[in-house]
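First comes the structure, then the notes that go with it.
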Amino acid sequence: MPSLSPALEALRPAPARPAPRAAAPAGLTLEAPFAELTDRPWHCWQTSSLALVSLAAMEGAADETGTWGWWVPTSPEQGLERLQRAAAELGWPCFATLQPRGGSRWLVLGASSDTTAVIQRDEHAPVELPLALRLRPLPGGGSTLRWQDDRILIGHGLPPALIERVAALPRLLEQAWH
């Protein structure tokens, strides 16, 4: 994961992932349950379907496997505004903002404002949004902010540009909370 400012680094809790189990190509470490899937290609495509993206968010709202997480000192609404401003400053297109359930807010980035990448681990797996940032309110104030761990995308035949964009998501957080 790219290095961040000391202020943001202090806010980042440990990622919500199982312990490392297997080595991936190029010496990276994959986390269970992804380690045994390195030889299977995943499906990946661009979509302009807000219905598909909304459904993926509703199905994946509770799944934090393979994500990084930070505590941020804002409500989900305020955090979403900060992320949208930061994306605009960086020239990163926003495909959609969503409110799947429980007061959470999602920002889905895209290849353009009209499309975003979706992935599926196999034809029976749920559709996932690798370019989504998820803000969930916390009872004591603030929010958790979660995003895809780019390392679990490696070794599945996904486009390198997608993996690079997911790996760059911490730049957006740095911009939003600098």
*Name the residue farthest towards the positive end of the dipole of the range 90-178 from the options H156, Q99, V127, assuming +1 on Cβ of Lys and Arg, -1 on Cβ of Asp and Glu, about the Cα centre.*
Q99
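For the range 132-178, rounded, prolate or oblate, judged on the Cα gyration tensor with a ≥ b ≥ c (square roots of eigenvalues), a/c < 1.5 rounded, else prolate if a/b > b/c?
Values: a/c = 4.15, a/b = 1.97, b/c = 2.11.
It is oblate, given that a/c is not under 1.5 and a/b is not larger than b/c.
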*Can you tell me the accessible area per residue over the range 73-142, all protein chains present, probe 1.4 angstrom, in square angstrom?*
44
*Among rounded, prolate and oblate, which fits the range 116-156 when a ≥ b ≥ c are the square roots of the eigenvalues of its C-alpha gyration tensor, a/c under 1.5 means rounded, and a/b larger than b/c means prolate?*
prolate
*With θ set to phi - 60°, apply the Karplus curve 6.51 cos²θ - 1.76 cosθ + 1.60 along the range 121-137 and write out the HN-Hα couplings as whole Hz, x wherever there is a Gly or Pro.*
5, 7, 5, 9, 7, x, 6, 10, 10, x, 9, 9, 10, 10, 10, 10, x
*Given a 1.4 Å probe and every protein chain left where it sits, what share in percent of the accessible area of the range 27-178 is carbon and sulfur?*
53
*Under the Karplus curve 6.51 cos²θ - 1.76 cosθ + 1.60, θ = phi - 60°, whole-Hz ³J(HN,Hα) for the range 42-58, x wherever Gly or Pro sits*: 9, 7, 8, 7, 8, 10, 10, 7, 5, 5, 5, 5, 5, 4, 4, 5, 5
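The values are calculated or read from the model by the stated rules, or taken from the named source; none is laboratory data. Just so you know, these numbers come straight off a predicted model, no measurement behind them. Note that we place each Cβ from the backbone using ideal geometry, even for glycine, and neighbour counts take in every protein chain shown. Areas reflect the complete protein model, heavy atoms only, side chains present, ligands, DNA and RNA absent. Shrake-Rupley method; radii C 1.70, N 1.55, O 1.52, S 1.80 Å.
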